[in-house]
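Report on one structure; see the data block that follows.
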Amino acid sequence: MSITESLGALLSPGRVLTRPLDLAAYASDASFYTLTPAAVVRPIDTAEIKALCAWSRKQRVPLTFRAAGTSLSGQAITNGVLVDLSRHWRTLEIQNGGARVRVGPGVVGGLVNARLAAYSAKLGPDPASIGACMIGGIVANNSSGMCCGIEHNAYRTLLSLRFVLPSGTEIDTAAADAEEAFAAKEPAIARGLMELRSRVRGDPRLVERIRAKYRMKNTMGYALNAFLDFGTPLSILWHLLVGSEGTLGFIAEAVFRTIPDLPLKSTGLLLFPQRAGGVRGDRAAARFGGEGARTDGPGVAALDCGLPGDPRLRERPAVPGRRDPGRVPGGDR
């Protein structure tokens, strides 16, 4: 039986694409890599995802999940079977007056923010491609962006996930009995995760290295900090899913804690004659602005050339050969 026939037995024929033109359309993403898939499938629910996982194990053909395909590193292409999530999986439910939002992997991040704008809220992750990328990729890549730092990325702002493992086990981490259900259905994985946790925590040098890495903007690879941040098998696993790029399981739904969308925003330009001054200013800005960014009340609207508490940063020493341009327009807002 051909791939087309066997996949057609799992999904309706209209949702199994094998024409050369269709395969060529999915052979690339936003990166410069090219891989032509053997087939493209468009499942509509977790029952079909489980059937595809079973088919993949039996046929020994890999599955690659793809949402918007905005990846710059080739994560959304394959020569196996490509699972296209962009046409379905569009759950979008605002909860608790905008304090949280439940979304499917096929929803564009910018659309979520557009819906949240009425509540003066937004997603924490702010990747540059948020107008095109989808929630599946935002979670699978632990997206952050230029403004959210390490506090508001996907890992830090997710409240729960509903996911499907390659074995077919489906878990909603928000369910009251989720931990017990996971331990009963996947005892080997649960046991292995706790063994890994013990090994990580038992090595002080490794603990410090992980802590040091995740004090910086480190969103590459598996979230090893989950072994330090959480203490149960399920809580560790679903945080490992964040940033795993689809290698550990399928993310069917995500619930995010939102952050305030402040009504006033401004960008300031700080000029320093020497690199050392720039480093000191950057650290001071991080301390001052980061503290404001974590409050739920009025945040910092703008940072001028000076910062409270450090009069040295209020001075603007002359740069040799450069005319003093005066104050930056809008700097006093």
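For this structure, a couple of remarks:
- Some residue of the range 78-93 being among the aliphatic types (A, V, I, L, M) and under 17 Å from Pro260 (Cβ atoms): no
- For the range 236-272, residues that are open to solvent by 20 Å² or more (accessible area, probe 1.4 Å) and closer than 12 Å to Leu193 by Cα total 1.
- Residue in the range 277-294 that is over 20 Å from Pro127 (Cα atoms), modelled with pLDDT under 95, under 24 Å from the mean Cα position of the chain (by Cα) and open to solvent by 20 Å² or more (accessible area, probe 1.4 Å) present: yes
- Just one of the listed residues (Thr173, Thr219, Thr169, Thr157) is of a type in the set (S, T, N, Q), open to solvent by less than 50 Å² (accessible area, probe 1.4 Å) and without any contact (Cβ under 8 Å) to a residue 60 or more places away in the chain, and it is Thr169.
- Residue in the range 82-93 that is crowded, with 21+ Cβ neighbours inside 10 Å, among the hydroxyl-bearing types (Ser, Thr, Tyr) and within 23 Å of Pro127 (Cβ to Cβ) present: no
- Residue count for the range 1-23, restricted to those that are open to solvent by less than 60 Å² (accessible area, probe 1.4 Å) and closer than 23 Å to Thr70 by Cα: 6.
- Applying the set (1) over 23 Å from Ser56 (Cβ atoms); (2) open to solvent by 20 Å² or more (accessible area, probe 1.4 Å) to Asn225 leaves exactly one unmet item: (2).
- Selection over the range 101-136 of residues that are of a type in the set (A, V, I, L, M), surrounded by 17 or more Cβ atoms within 10 Å (Cβ to Cβ) and part of a helix (DSSP H, G or I) gives a count of 3.
The values are calculated or read from the model by the stated rules, or taken from the named source; none is laboratory data. This structure is a prediction, so every number in the text was calculated from the model and none was measured. Positions of Cβ are generated from backbone atoms using ideal geometry, with glycine treated the same way; all protein chains shown enter the neighbour counts. Note: accessible area is taken over every heavy atom of the protein model, side chains too, but ligands, DNA and RNA are not part of it. Shrake-Rupley method; radii C 1.70, N 1.55, O 1.52, S 1.80 Å.
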